[in-house]
Amino acid sequence: MRAKKKIILFLLLGLFLGGATLTTTTPVQAHRETITVTASSVNVRMGPGLAYDVMAQLKKGDKITVIAHKNSWYQVRLHSDKIGWVASWLLKNTEISATTNTKGTIIANNVVAKEHPADDSDTLGTYQQGNPVTVIYKKNGWSQILFHKTVAWIRSAYITEKKAPSTKQTQKTVDPNIKNVTVHSDNAKLRKKPGLGGKITKVLKRRTQLTYLATIGDWYQVQTDSGKTGYIANWVVTPSASNAPITTNANNLAEATIVLDPGHGGRDSGALSQKKTYEKTYTLAIAKKVAKQLRQAGARVLLTRKSDKFATLASRPALAQKVHADAMISLHLDSSPKDNEASGITTYYYGKSKDSLLGKTLNKQLTKLPIKNRGVEFGNFLVLRENKQPAVLLELGYINDKHDYRQIRSRKFQTKVADAVTTGLSHYFQ
């Protein structure tokens with residue numbers, strides 16, 4: 001009787017959470033994505049939204065494992081094996097990739113799913129041969145699986161796993177759409193082998209043209225005008241489908257192609273202010289003012305979204321690559337676990353050689369804004385990490401801080417941001 005009651009309880013929980021689903025949850029390799037909480041406190045909620053009840057609170061130093069993500073929320077497994085949801089913006093510099101969990105198939109009939117990894121634990125359900133399961137964690141001969149929006153345990157011997165294919169490309173391929181590449185940063189290294197450990201055979205100047213030969217992972221095999229062959233990182237060059245010189249490597253702002261990325265949008269509202277207004281509203285307003293000034297300076301400007309519409313994370317760096325952007329700027333607003341707990345503007349970069357100069361140049365101008373500047377930091381964000389073009393992410397203040405919010409919502413501040421970005425880019429392209 002006790003087991004039956006637990007089954008009913010878990011089914012009801014599944015229906016409750018499932019009824020609130022906004023989009024399909026994307027699974028991730030949770031057993032490889034363990035996060036240590038760096039904030040002073042983080043709420044764990046029953047579902048992916050601020051409207052859901054708080055089920056637990058994490059403290060600095062606590063470890064959690066990411067199971068899936070939905071919009072700006074991570075589904076996590078706590079140390080106690082409970083499942084809940086955490087706002088991604090509260091986990092600084094942690095952005096989980098959308099890879100898949102290990103998929104498995106049950107190889108016997110009447111395989112029981114247990115509440116805990118023990119044979120005498122309560123049974124939550126039964127699986128038959130051929131039933132698919134998603135394995136998120138393994139421990140002492142047991143596999144933890146997704147089960148009705150929560151988890152259960154099955155003996156690993158009853159599961160045949162299908163490992164996710166490796167995304168690391170080691171084979172050499174030839175892209176017929178690439179004829180040559182143009183170096184877009186000074187002191188680019190031509191190496192004997194693909195990889196940062198490869199011996200440097202030549203240091204190249206900006207705007208150097210190279211003949212494309214092949215691709216291996218994140219590296220291009222190329223040939224110089226003198227006939228010297230080697231490998232160069234794809235993030236320091238711009239590929240071209242023709243043999244004509246590439247003109248998108250701007251020497252001034254008027255020659256530049258700029259992609260502006262107003263963070264969030266549509267069903268992804270982003271962080272919330274104390275006035276219950278959304279981050280997505282202000283990032284778009286700021287982006288439009290920045291775009292207007294850059295266009296007046298002669299730049300070609302594209303936005304990842306022009307209205308309150310949802311845009312996937314992957315589509316944002318993809319646009320920058322498609323148009324061979326000379327710079328991409330992702331605009332966001334920060335948030336702290338408690339109101340009025342933090343304040344400031346932060347500039348994030350991912351690739352040191354590709355992005356850091358852009359970040360430092362822009363941040364120098366952002367110090368003139370009426371919100372304190374927290375400096376330039378490394379940021380492991382998808383829009384930066386998956387970007388082949390120079391890119392930065394700007395957190396333009398904390399939306400749940402009274403002082404910062406007063407500035408953020410004012411048109412005067414938004415204009416000052418546009419001034420700072422325009423001036424910074426003008427210096428960057430000199």
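The values are calculated or read from the model by the stated rules, or taken from the named source; none is laboratory data. All of these numbers come straight from a predicted model, not from anything done at the bench. No Cβ is skipped: glycine too gets one built from the backbone with ideal geometry, and neighbour counts run over all protein chains shown. With ligands, DNA and RNA removed, areas are computed over all heavy atoms of the protein, side chains included. Shrake-Rupley method; radii C 1.70, N 1.55, O 1.52, S 1.80 Å.
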message = Consider the stretch 96-114. How many of its residues are open to solvent by 30 Å² or more (accessible area, probe 1.4 Å) and either modelled with pLDDT of 80 or more or of a type in the set (D, E, K, R) (or both)?
response = 6
query = Here are some conditions: (1) without any contact (Cβ under 8 Å) to a residue 40 or more places away in the chain; (2) open to solvent by 20 Å² or more (accessible area, probe 1.4 Å); (3) part of a helix (DSSP H, G or I). Residue 276 meets all but one. Which one does it not meet?
reply = (3)
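Please work out if residue 76 is at pLDDT 75 or above and either within 23 Å of residue 148 (Cβ to Cβ) or crowded, with 18+ Cβ neighbours inside 10 Å (or both).
Working: at pLDDT 75 or above: yes; either within 23 Å of residue 148 (Cβ to Cβ) or crowded, with 18+ Cβ neighbours inside 10 Å (or both): yes.
Taking the combined requirement at face value, the residue satisfies it.
Which of the residues that make up the stretch 194-211 are among the basic types (Lys, Arg) and more than 29 Å from the chain's Cα centre (by Cα)?
Selection gives 199, 202, 205, 207.
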inquiry  = If I ask for residues that are at pLDDT 90 or above and under 36 Å from the mean Cα position of the chain (by Cα), which ones from the stretch 115-128 would you list?
reply    = 127
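Among the listed residues 358, 333, 384, which satisfies the condition of being within 22 Å of residue 183 (Cβ to Cβ) and either under 17 Å from the mean Cα position of the chain (by Cα) or of a type in the set (Ser, Thr, Tyr) (or both)? Walk me through how you get there before you give the answer.
Numbers: 358 fails: either under 17 Å from the mean Cα position of the chain (by Cα) or of a type in the set (Ser, Thr, Tyr) (or both); 333 fails: within 22 Å of residue 183 (Cβ to Cβ).
The match here is 384.
Just the residues that are in a strand (DSSP E or B) and surrounded by fewer than 20 Cβ atoms within 10 Å (Cβ to Cβ), please, taken from the stretch 115-136. Steps first, please.
Residues of the stretch 115-136 in a strand (DSSP E or B): 123-127, 132-136.
Residues satisfying the conditions are 123, 125, 126, 132, 134.
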ask   = So which pairs qualify, if the first residue must be in the stretch 42-63 and open to solvent by less than 70 Å² (accessible area, probe 1.4 Å), the second must be among the small types (Gly, Ala, Ser) and modelled with pLDDT of 75 or more, the Cβ gap must be under 8 Å, and the two must be at least 6 apart or on different chains?
value = 43/56; 44/56; 44/84; 45/84; 46/84; 55/84; 56/84
ask   = Taking the stretch 137-178 only, how many residues are at pLDDT 80 or above, part of a strand (DSSP E or B) and of a type in the set (A, V, I, L, M)?
value = 4
message = Consider the stretch 303-335. How many of its residues are in contact (Cβ under 8 Å) with a residue 12 or more places away in the chain, more than 21 Å from residue 269 (Cβ to Cβ) and charged (D, E, K, R)?
response = 1
